[in-house]
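Undergrad: Below you'll find the structure I mean.
Just so you know, all these numbers are worked out from the coordinates, no wet-lab data involved. Because the structure is predicted, anything quoted here is derived from the model rather than measured. Note that each Cβ is placed from the backbone with ideal geometry, even for glycine, and that neighbours are counted across all protein chains shown.
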Amino acid sequence: MYVANHFRLPDDRIEVLLKSVRPGNFVTVHDDGPVATFAPFHLEERASGRVLVTHLVRNNPQVREKPIGPAMAILDITDAYVSPLWYATNSDLPNVPTWDYVTIHVWGRPSFDFEPVGALEAARQLTLRMEGPEVLEMVGDQKLQRMARAIVGVEIAIEKIEGKAKMSQNRHPDDVRSLIARFDEYGPREVADYLREVSLPYAEARFGEIERIGAEHRLPTFGAGTRS
């Protein structure tokens, strides 16, 4: 994926984001082309390395046909439409609408566990991360075993991770603050939280440096951000 340097997601932020269950697309390539299935993923740390885990329905052809090369998980972290009417700064040139988003791409060797025990464990771990053991106890072992026969455990042995956050961090800090207020009121709240925790400090540091350099060289500073 193309990632401009100022939109590259740092490794430490990727690690934080992967601690939660993330929805995304499981992508494999076969003789007749690429295939994708939407699924929830969770990360497991093992002695052999890190593994991204999910499960798919057993009659999905994607788990029946041997893939060519590595698999890929495209994880959707958060996203939102951004109107130019929400910016605080003015410019001689009108701004255009855009879409802010955070995404993580994971590549690695896929494996499929057709045994009910392995498939059930993949689904069980997902449930434990989202709710806790009470819901599994409520469902009961008999129903869980029936479900396990209908699904396949899927793992990606992680070889490469890349993240991109195009979250208005290239804009003036006043614009970022304006967007935070907008998303705090109307949502998505996770977009507001990311702008507040990550984008605003970055924008403040960036434009502080621009102003410092401008003052040293007696150059004017501008409120408009760099466009991707």
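Undergrad: Would you mind checking the radius of gyration and Dmax of the range 169-218 based on alpha-carbon positions, in Å?
TA: Looking at the range 169-218, its Cα Rg and Dmax stand at 12.7, 42 Å.
Undergrad: Counting other C-beta atoms within 10 Å, which of Val96, Val191, Val102, Val57 has the fewest, and how do the rest follow?
TA: With the fewest neighbours first, Val96, Val191, Val102, Val57 line up as Val96, Val57, Val102, Val191.
Undergrad: Strictly greater than 24 Å: what percent of every Cα pair in the range 84-206 meets that?
TA: Percent of Cα pairs beyond 24 Å in the range 84-206: 54.
Undergrad: Once you treat every alpha carbon in the range 5-166 as an equal point and sum by Debye, what is log10 I(q)/I(0) at q = 0.08, 0.12, 0.16, 0.20 Å⁻¹?
TA: For the requested q values the scattering log ratios are -0.31, -0.62, -0.95, -1.29.
Undergrad: Let me ask another. Work out the FRET efficiency for Thr98 and Lys160 from their Cβ-Cβ distance, taking R0 = 22 Å, and round it to the nearest 0.05.
TA: The calculated FRET efficiency here is 0.20.
Undergrad: Let me ask another. Phe114: net charge of surrounding residues, Cβ under 15 Å, Lys/Arg +1, Asp/Glu -1, itself excluded?
TA: -1
Undergrad: For Arg177, Arg171, what's the fewest-to-most ordering of other Cβ within 10 Å of each Cβ?
TA: Least crowded to most crowded, the residues run Arg177, Arg171.
Undergrad: Would you mind checking the tilt of helix 173-186 against the longest principal axis of the Cα atoms of the chain, expressed as 0 to 90 degrees and rounded to 10?
TA: Computed tilt is about 50 degrees.
Undergrad: Give the order of His55, His172, His30, His42 when sorted by the count of other beta carbons within 10 angstrom, beginning with the fewest.
TA: His30, His42, His172, His55
Undergrad: Continuing with the same structure: Please identify every one of the chymotrypsin sites (Phe, Trp or Tyr not before Pro) in the range 44-92 that sits in a loop by DSSP and has no more than 15 other beta carbons within 10 Å of its own beta carbon.
TA: Listed in order of number, the matching sites amount to none.
Undergrad: Where does the chain land at 222 nm, in deg cm²/dmol rounded to the nearest 500, when only DSSP H runs of n ≥ 4 count, each adding -39500 (n - 2.57), divided by all residues?
TA: The helix-only estimate for the chain comes to -10000 deg cm²/dmol at 222 nm.
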